[in-house]
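Coordinate-derived values only; no laboratory data. These numbers were taken from a predicted model, which means no experiment stands behind them. All Cβ positions, even for glycine, are placed from backbone atoms using ideal geometry, and neighbour counts span all protein chains on display.
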Amino acid sequence: MKVGVLTGGGDCPGLNAVIRAVSRRLFARGHDVVGIREGWRGLVDGRFEPLGPREVSGLLPRGGTILGTSRTNPYRIEGAVGAVLEQFRAEGLDALVAIGGEDTLGVGARLYAEHEFPVVGVPKTIDNDLSATDYTFGFDTAVFICTEAIDRLHTTAESHNRVMVVEVMGRHTGWIAVMSGIAGGADMILIPEQPVSIEDACKEIRHRHDRGKDFSIVVVSEGYELEGVADEGDVDEFGHVRLSERGVGAQLASQIEQQTGFETRVTVLGHVQRGGSPTPRDRVLATRYGLKAAELVHEGSFGRMAALHGDNIVDVSLEEATAELKRVPDDWFEVARAFFG
Ligand code: F6P
């Protein structure tokens, strides 16, 4: 078989580790691998590059993606779905491994349902918001980076008696905030899934200061619903509002300062959370996902996605994987809440 590989959506650490594992296993099974440039855009435009052992060597620790990525959605561009099918056929491809999140895999699920397109998915995203898998790769690295930042902010917060607000990514779910907040010992965590009001958050901060602590760390998800902060502004090619532009962290910091009188500063971690080398855990997860995806292709099991259930790598349907967002359940938030105030 000649197998195409693409990476779509926001990049994240571990993409190259998947490309390496998929390719290595496919070579071992006697197949050829072709890289597709910049996600679905490369299939619309026919931008291919052969991947051999030399191209996939040295990739395990490397951040980003050697194939480039984009948020191109062929279903939102006139004639693009036809172009994808035609380019795929013209290049002589037999199968595709799509490494992406909800959007990229959503396109794969639809192509499979409507055209029996031979695609297999791998769940990528720092947001960890894909249902049907316990964890996506890239998430652990993002949590590691945020935790390190929170640790650093602790020491400066303590020196100056300040409230430090840390805004993290995660889109409409609070996975990064909750996990890094628990790991970093946050005094308050605000996420889209939990309607904690700013008044209640300030009450907790005051309570903490009343019991002798002169500083506080507040972690907030970019998607937290704060009164007066609207979902407006630029949208990406998949139609999602750019949540970073809502400026939730800055607004929250100013409201905390007004309501509590404590000096407050904000740090927006931004794309640092997606950069650099994957953690060992993400390297291993990406590698296991890559091997599984290659085996699914080899068996001809299309319309499936590699997934983690407990400690086992399994496969699930792409339809199921993209049906709904995986939100932070209450019991995870309760772990965090035990240390508020
Ligand atoms: O989905 C990954 C993610 O990093 C989100 O957490 C964030 O909202 C978004 O992508 C940022 O997108 P962009 O790279 O287009 O600014």
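Quick notes
- Spatially proximal aspartates and glutamates relative to residue 203 (Cα-Cα < 15 Å; intrachain offsets below 8 disregarded): 187, 214, 257
- For the chain, the longest principal axis of the C-alpha atoms and the axis of helix 15-28 are separated by about 30°.
- Angle between the chain longest axis and helix 102-115 axis [Cα atoms, degrees, rounded to 10]: 30 degrees
- In terms of its alpha-carbon gyration tensor, region 281-323 comes out oblate; a/c meets the 1.5 threshold, while b/c is at least as large as a/b.
- In terms of its C-alpha gyration tensor, region 1-140 has an oblate overall shape, because the principal axis ratio a/c (a ≥ b ≥ c, square roots of the eigenvalues) is not below 1.5 and a/b does not outweigh b/c.
- Of the residues 300, 278, 261, the one whose Cα sits farthest toward the positive end of the charge dipole of region 250-341, with +1 on the Cβ of Lys and Arg and -1 on the Cβ of Asp and Glu, is 278.
- Taking every DSSP helix (H) stretch of at least 4 residues in the chain, weighting each as -39,500 (n - 2.57) and dividing the sum by the residue count yields a mean residue ellipticity at 222 nm of -12500 deg cm²/dmol.
- Protection proxy ranking, highest mean first, for peptides 297-309, 119-131: 119-131, 297-309, where packing is the per-residue count of other beta-carbon atoms within 10 Å, averaged.
- Average Cα contact separation per residue, region 1-85, under 8 Å, 6 or more apart, as relative contact order %: 40 percent
- Cα shape, region 217-287, gyration tensor, a/c 1.5 rule: oblate
- Positive dipole terminus of region 145-279, leading residue within 250, 218, 169 (C-beta point charges): 218
- Each Lys and Arg contributes +1 and each Asp and Glu -1, all at the Cβ; summed about the Cα centre of the chain, the dipole is approximately 1220 debye.
- Max mean-square fluctuation residue, GNM over the chain, Cα-Cα springs under 10 Å, options 106, 138, 170: 106
- Nearest 10 degrees, 0 to 90: helix 280-299 Cα axis against the chain principal axis: 30 degrees
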